[in-house]
Amino acid sequence: MLRSVEGSEGPAVGLYRSPQNAGPHTRAMFEYQDMCVVLRCIPNLLPESPVVAVAVEYSSDYVLMGRAGEQELVSVKHRGRGQGDWTFSRLKAENVFRDLHEIWRAMERKGAYFFESNAGFESALRPYAERGRDKDQQDQDAVRRLADCLGVAVVEAGQFMRHFRLRGEPLPDWGYVDDVAAQRLGGVMARLGLDP
């Protein structure tokens, strides 16, 4: 698929391939993630979409590649009932920071890195969230905490934090993600002049 986009490897050039996402057994385990990819792909049916390719299980859970060469790498995790919102320690235990930081390094510190989930985030994670922070004004306590988590210098943690976001809008829960996808597809089809 990557080679077929506009007749070249354009959007795939330099895309790091994670050895952790290489096995066929991995694909069977991520049905929820697949539905989240579908949700992101539905708006791309519209002609004004800037996305030209999507790679699944390549470096992060999926990667969106844009017309201008931009790349958005996304990690998805579902939380079951009773597991509560994400905390810094839970994200650390799930290797969210570490895994995306490693990919950021392998990608020569380019691209945007997102973590998304059906669960919310505790208020202490606001400095890492998509909303609630200015890209140029970093919370230095949050940067130091991230540096300690990653075992890197504060300067590197600050650089990574400029590329990393916790996506603020929760994903639909497992039980109704299909219905949300069908509803969104119907809206896009109507915009395209098709009968949903």
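Tabulated results
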{"quantity": "In nm, spacing of pseudo-spin labels at Tyr176 and Thr87 (7 Å Cα→C-beta vector)", "calculated": "2.8 nm"}
{"quantity": "Rounded to whole Hz, the Karplus (6.51, -1.76, 1.60) HN-Hα couplings of the stretch 122-129, x for glycine and proline", "calculated": "4, 4, 5, 8, 3, x, 9, 7"}
{"quantity": "Distance in nm between pseudo-label sites at Glu70 and Asp195 (7 Å out along the Cβ direction from Cα)", "calculated": "3.8 nm"}
{"quantity": "Long-range amide H partners of Asp85 with built H, under 5 Å", "calculated": "none"}
{"quantity": "Order by protection proxy (mean Cβ within 10 Å, highest first), peptides 112-122, 86-96", "calculated": "112-122, 86-96"}
{"quantity": "From phi via Karplus (6.51, -1.76, 1.60), per-residue ³J(HN,Hα) for the stretch 83-88 in Hz, x at Gly/Pro", "calculated": "7, x, 6, 6, 10, 4"}
{"quantity": "Stokes-Einstein D in µm²/s, Kirkwood radius over Cα pairs - the stretch 67-196 at 4 °C with 1.567 mPa s viscosity", "calculated": "80 µm²/s"}
{"quantity": "For peptides 62-70, 152-160, sequence by mean Cβ density within 10 Å, most packed first", "calculated": "62-70, 152-160"}
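Only the coordinates and a few stated rules stand behind these numbers; no lab work does. None of these values were measured; they are calculated from a predicted model. Neighbour counts are summed over all protein chains in view; Cβ atoms, including those assigned to glycine, are modelled from backbone coordinates with ideal geometry.
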